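So the structure is just underneath, and the comments pick up after that.
The values are calculated or read from the model by the stated rules, or taken from the named source; none is laboratory data. Since this is a predicted model, take the numbers as computed values, not measurements. Positions of Cβ are backbone-derived with ideal geometry, glycine not excepted, and every protein chain shown enters the neighbour counts. Side chains are part of the model used for accessible areas, which takes the heavy atoms of the whole protein and leaves out ligands, DNA and RNA. Shrake-Rupley method; radii C 1.70, N 1.55, O 1.52, S 1.80 Å.
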Amino acid sequence: MKQRIMSGMRPTGKLHLGHYLGVIDNWVKLQEEYDCYFSVADWHALTTKYDKTENLRQDVLDVVMDWLACGIDPEKSTIYVQSLVPETAELHIYLSMITPQNWVERDPTLKDMAKILKSKEGMGTQVNYGLMGYPVLMTADILTFNADLVPVGIDQVAHVELSRDIVRRFNYVYNTDFFHEPQPKLNNCSLICGLDGNKMGKSFNNDIKISDTEEITAKKVMTAITDRSRMRKDDLGHPDECEVAFKYWKIFGGVNEIETVRCECEKGLRGCADCKRQLGAKINERLKEIRERRRYYEEHPETVEKIIREGSEKARTEAKKVLSEVRKLVRMY
Ligand code: TRP
Ligand code: SF4
């Protein structure tokens, strides 16, 4: 029996290289060894964007197309949309009964999210009830499949820890060992920074999208920060102080290539503009197949729709088994 993996992403629209290198590429490898469930967490999106749903449907499609393009294989993994598996909402109710309020209140990630909301009109400084339940809903996602492992970034580990606490409490309250304690599995990929040297993020306008064209990618790479002390192209460069471009080389270049770039830069034989032109080409080469696949799915929306429907049905079949056991344990009618 394969161990089970469950993970998810909020539908934030088109994904960028940070998602690809930091998360999805990891999932692609894991699907060879594990029984994987990957969720587009549209309910989680509502926790902060309940009043901004006009693009939700397209955002879900974009996330799924990016996953498929990057190599998540619906024959190997189950790709589904959270709200198409209503069993998760039912499980969320049971879990919300046994979760002490102060467990969710001390969640550090929630405090950050609450700040985003504070700027919103209407809510004042209030945090909505749904947002408070964010980590409980995430626990429901994981437990809907009784998953063993949860591949996540470091920012989500606190949530998975809470999931473990909730599992222990459920098993204790209902005198069972039904739920497995899920383990966080840290994504062991290189973190790619944004073009400006900060964390790559959609809202910072410093990202390269998986779905960007080659031309746009090349243009964006030209804006990458380099060694700021360099004025002319024959100035001696300092690759280790080249804040973004050389870091990208280390991710996308081969071993020999990286050494060549380093040597030529240090000797002043390589101008930053040429260097970044080559780098852009390198990144485009790496993304070529992925982008071709993405274009295929863009042109075949019915295929994407079918994958989502079938994946969600399959997820539901598993979810129903877990929920029927949970209902028994809680002694529902
Ligand atoms: N909270 C996660 C994030 O913001 C997304 C997510 C939703 C998730 N459900 C999950 C991650 C279940 C792991 C397991 O990135
Ligand atoms: Fe960075 Fe390349 Fe310029 Fe050197 S030549 S500083 S590695 S961009």
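Computed over the chain with a Gaussian network model linking Cα atoms closer than 10 Å, the most mobile of Ser96, Ser203, Ser77 is Ser203. Look at the Cα gyration tensor of region 31-171: its axes a ≥ b ≥ c give a/c of at least 1.5 with a/b at or below b/c, and that counts as oblate.
Considering only protein heavy atoms, what per residue accessible area in square angstrom results for the chain with a 1.4 angstrom probe? Present the calculation step by step, with values, prior to reporting the outcome.
Details: 17030 Å² over 333 residues.
Computed with neighbouring chains in place, this is 51 Å² per residue.
For region 216-279, the equivalent ellipsoid derived from the Cα gyration tensor has semi-axes of 16, 14, 10 Å, listed largest first. State the percentage of accessible surface on region 212-293 attributable to carbon and sulfur atoms; use a 1.4 Å probe and exclude ligands, DNA and RNA. Roughly 54 percent, rounded to a whole number. Values of log10 I(q)/I(0) for the chain across q = 0.10 Å⁻¹ run -0.66, by the Debye formula with one identical scatterer at each alpha carbon and no solvent. Full extension of the chain between Tyr296 and Gln58 yields a length gain of 84.0 nm, computed as 0.36 nm times the residue separation minus the alpha carbon distance.
Hey, what number do you get for the chain at 222 nm if only DSSP H runs of n ≥ 4 count, each worth -39500 (n - 2.57), divided across all residues, to the nearest 500?
-16500 deg cm²/dmol
A full extension of the chain between Lys76 and Lys306 corresponds to an added length of 81.3 nm, given 0.36 nm per residue minus the alpha carbon distance. Loop-located trypsin sites (Lys or Arg not before Pro) in region 288-333 (DSSP state not H, G, I, E or B) with no more than 13 neighbouring Cβ atoms inside 10 Å: Arg331.
About the Cα centre, and with charges only on the beta carbon of Lys, Arg (+1) and Asp, Glu (-1), how big is the dipole of region 180-316? Nearest 20 debye, please. Before the final figure, lay out the partial values.
On the way: 28 positive and 26 negative charges, 27 e Å.
Here the size comes out at about 120 debye.
Please report the relative contact order for the chain, taking Cα pairs under 8 Å with a sequence separation of at least 6, and give it as a percent rounded to a whole number. Dividing the mean separation by the residue count of the chain yields 23 percent.
Which length gain, in nm to one decimal place, applies between Lys267 and Asp51 when the Cα-Cα distance is subtracted from 0.36 nm times their residue separation?
Working: separation 216, 0.36 × 216 = 77.76 nm, distance 5.54 nm.
Stretched out fully, the Lys267 to Asp51 stretch lengthens by 72.2 nm.
Charge dipole (Cα centre; +1 on Lys/Arg Cβ, -1 on Asp/Glu Cβ; no other charges) of region 212-293 amounts to roughly 160 debye.
Can you work out the base-10 log of I(q)/I(0) for region 1-67 at q = 0.14, 0.16, 0.19, 0.28 1/Å, using the Debye formula on its C-alpha atoms alone? Summing over Cα pairs of region 1-67 leads to -0.46, -0.58, -0.76, -1.22.
Between Glu214 and Lys250, the modelled label-to-label distance comes to 2.9 nm, taking each label 7 Å out from Cα in the direction of the beta carbon. Using the Cβ-Cβ distance between His238 and Arg327 with R0 set to 51 Å, the FRET efficiency from 1/(1 + (r/R0)^6) comes to roughly 0.20.
Which of the helices in the chain meet the span-like rule: DSSP H, Cα axial reach of 18 Å or more, Kyte-Doolittle mean at least -1.0? It would help to have the intermediate numbers written out before the result.
Details: long enough: 56-70 (21 Å, 0.72); 157-173 (24 Å, 0.02); 272-299 (37 Å, -1.59); 301-330 (41 Å, -0.73).
What comes out of the filter, once short or polar helices are dropped, is 56-70, 157-173, 301-330.
The magnitude of the dipole of the chain, with charges of +1 and -1 set on the Cβ of Lys/Arg and Asp/Glu and taken from the Cα centre, is near 420 debye. Annotation note: chymotrypsin sites (Phe, Trp or Tyr not before Pro) in region 1-92 located in DSSP loop regions with a Cβ neighbour count of at most 14 within 10 Å are Tyr50. Placing R0 at 22 angstrom, the Cβ-Cβ distance between Val157 and Gln3 gives a FRET efficiency of 0.70 after rounding to 0.05.
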